[in-house]
Amino acid sequence: MNTKDLIQLGVPQGEPIKRAHAFIVAFRKSGGDMSQLENEIGAIVGNPSKFLGDPMREEFARSLYVPAFKQRETLAPWQQWGSGLEPEAVKQMANACALPVSVAGALMPDAHVGYGLPIGGVLATDNAVIPYAVGVDIACRMKLTVFNRKASTLAGEKDRLANIIERETRFGIGCSFKPRREHEVLDEDWTVSPVTQRLRDKAWSQLGTSGSGNHFVEFGAFTIGAGVDDRGTGFNEAGYNIPPGEYLALLTHSGSRGTGAQVCQHYSRIAMDRHKELPKELKHLAWLSLEEEAGQEYWAAMNLMGHYAAANHALIHKYITRALGADVILDVENHHNFAWKERHVVDGVERELIVHRKGATPAGSGVLGIIPGSMASPGFLVRGNGQTESLHSASHGAGRVMSRTKALQSFTWSAVKKLLAEREVTLLSAGLDEVPGVYKDIDTVMAAQTDLVDVLGRFDPKLVKMCPSGERAED
């Protein structure tokens, strides 16, 4: 089938023709029935959105897909890592690149459906911020602390370590410490937004806590050296010099709690009111200009929530480290669900952009980050490669493969506990909607982004605490 034949079937010239030829080659190599090729191409042309999650057909389908809402002649350029992603997530990414303020985008291999921008979506805009492209849990982050203790401590002191976690952490929507914990973040200017001013006391009451959903506190074994990276020479980054070996480590995941959620909802309502032209399915992509008062307020509140989320992790690690009585030999932290002012080259021109990473990790050249798996699969300490097409980003985890409702229908604790025992994981508490089977295979996700990050170390969870069942997810 030649180009003329494809045009007669309705394939537009340019990129779609190129992708159509690539599909034909793949279809033939896979042993497809060539007598059905015309029907195959006709079906994709007729309804490209139906094939967005099909590994063989999605590149061709993406080149044909046109969002229902389109205020620009062509979509902002974007690339995808990984194949077979949820069709609706791919569609959400394309929709976001149809916005008039969008400049470039990227979709990470852990992607799944979100509100507006998919989880795992990266979107660069021109002087505009999209509250729901940041997300509800503003500045959600990972923090890894490695101690000067061998990983064998986990087996010998499991009960003591469990007691430390139970005593020094709090989980759940209304959880708090009494007496309240203190941090200098409370001395910052909370009047930057009416929301943060009103909720400062609530934020203080939740300071140092972890919330619900996919948030966790874990002790585990952190491995550096042979079998993890290509060097096997230990960790020599950012001023650290750690010999190869297995160490006791603490890994946490949580964000800005209820205050961050209220900031998102307040300013997203304002943005939606500004952009009533957006259809219902795109309303969560409503944006605020950074030149208007509401946009400036949101930006200041978002950054304050970043400091607040960091304070929560700092306190968790401070109190657990103190109770443990060990020295820290490595401390790494990174966040997602945030927007950054960064300079990037798009279409050959370098410019300042607002880069939203919703469930995506910064991965600039040399930047350290943590990409977790699940409660029974490893996470990885990584170094970013500064990939231009990904807007210096990587995945923020393994990514969900099913909803919480489906998870509750699909798993039983008896089967999960058997798996955890096989992996030598002790679970202190969690909901059935956070068990390992609800997540993608982390090794597959990592294999899809070898050009984005280099693996420097591995964290294997051994003692895990999450919010018990029955709480609404805050992630």
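The values are calculated or read from the model by the stated rules, or taken from the named source; none is laboratory data. These figures come from a predicted structure and were not determined experimentally. Note that we place each Cβ from the backbone using ideal geometry, even for glycine, and neighbour counts take in every protein chain shown. Heads up: the accessible areas ignore ligands, DNA and RNA and are worked out on the full protein's heavy atoms, side chains in. Shrake-Rupley method; radii C 1.70, N 1.55, O 1.52, S 1.80 Å.
Quick notes on this one:
- Note on the range 53-64: residues that are open to solvent by less than 50 Å² (accessible area, probe 1.4 Å), within 19 Å of Ile24 (Cβ to Cβ) and part of a loop (DSSP other than H, G, I, E, B) total 2.
- Filtered residues of the range 321-334 (kept if open to solvent by 40 Å² or more (accessible area, probe 1.4 Å), touching a helix residue (DSSP H, G or I) at 6+ places or on another chain (Cβ under 9 Å) and in contact (Cβ under 8 Å) with a residue 40 or more places away in the chain): Asp327, Val328, Asp331, Glu333
- Of all residues in the range 368-389, those satisfying the criterion of being over 21 Å from Leu250 (Cβ atoms) and assigned to a loop (DSSP other than H, G, I, E, B) are Asn385, Gly386, Gln387, Thr388, Glu389.
- Spans of helices (runs of 4 or more DSSP H) in the range 394-475 with at least 2 residues in contact (Cβ under 8 Å) with a residue 12 or more places away in the chain, more than 29 Å from Val122 (Cα to Cα) and open to solvent by 20 Å² or more (accessible area, probe 1.4 Å): 404-410, 413-422
- Listed by position, the strands (runs of 3 or more DSSP E) inside the range 241-358 whose residues that are touching a Gly at 6+ places or on another chain (Cβ under 7 Å) number at least 2 are 245-254, 328-335.
- Within the range 78-98, being touching a Lys or Arg at 6+ places or on another chain (Cβ under 8 Å) and among the aliphatic types (A, V, I, L, M) holds for Val90, Ala94, Ala98.
- Of all residues in the range 236-247, those that are more than 19 Å from Lys150 (Cα to Cα) and in contact (Cβ under 8 Å) with a residue 60 or more places away in the chain have Cβ atoms under 8 Å from Cβ atoms of residues that are assigned to a strand (DSSP E or B) and basic (Lys, Arg), 6 or more apart or on another chain, in Glu237/Arg383.
- Residues that are surrounded by fewer than 20 Cβ atoms within 10 Å (Cβ to Cβ), in contact with a helix residue (DSSP H, G or I) (Cβ under 7 Å, 6 or more places away or on another chain) and of a type in the set (A, V, I, L, M, F, W, C) within the range 285-320 comprise Leu290, Ala294, Ala300, listed in sequence order.
- In a residue-by-residue description of the range 114-132, the property of being open to solvent by 10 Å² or more (accessible area, probe 1.4 Å) and free of Cβ contacts under 8 Å to residues at least 60 places away in the same chain applies to no position.
- Scanning the range 247-260 for residues that are surrounded by 20 or more Cβ atoms within 10 Å (Cβ to Cβ) and not hydroxyl-bearing (Ser, Thr, Tyr), we see that the one that is farthest from Asn303 (Cα to Cα) is Leu248.
- All positions within the range 365-388 that are over 20 Å from Arg400 (Cβ atoms) and either open to solvent by 10 Å² or more (accessible area, probe 1.4 Å) or within 13 Å of the chain's Cα centre (by Cα) (or both): Ser365, Gly366, Val367, Leu368, Arg383, Asn385, Gly386, Gln387, Thr388
- Among residues of the range 184-214, those that are part of a loop (DSSP other than H, G, I, E, B) and under 20 Å from Phe171 (Cβ atoms), counted: 9
- Cβ-Cβ contacts under 7 Å between residues 6 or more apart (or on different chains), taken from a first residue in the range 140-167 that is closer than 10 Å to Leu324 by Cβ to a second residue that is of a type in the set (Asp, Glu) and open to solvent by 20 Å² or more (accessible area, probe 1.4 Å), are listed as Thr145/Asp331; Phe147/Asp327.
- Put simply, of Val185, Val195 the only residue that is more than 30 Å from Ser469 (Cα to Cα) and β-branched (Val, Ile, Thr) is Val185.
- Looking across Ala133, Ala124, Ala155, Ala162, one residue alone is under 21 Å from the mean Cα position of the chain (by Cα), at negative phi and part of a helix (DSSP H, G or I). It is Ala133.
- Filtered residues of the range 165-178 (kept if farther than 21 Å from Ala473 by Cβ and not in a loop (DSSP other than H, G, I, E, B)): Glu166, Arg167, Glu168
- Condition met for Val401 (under 17 Å from the mean Cα position of the chain (by Cα), closer than 30 Å to Val103 by Cα, among the β-branched types (Val, Ile, Thr) and at pLDDT below 95): yes
- Qualifying residue in the range 23-38 (condition: closer than 29 Å to Gly116 by Cα and not in a loop (DSSP other than H, G, I, E, B)): no
- With respect to (1) within 22 Å of His336 (Cα to Cα); (2) part of a loop (DSSP other than H, G, I, E, B), the lone exception for Gln79 is condition (2).
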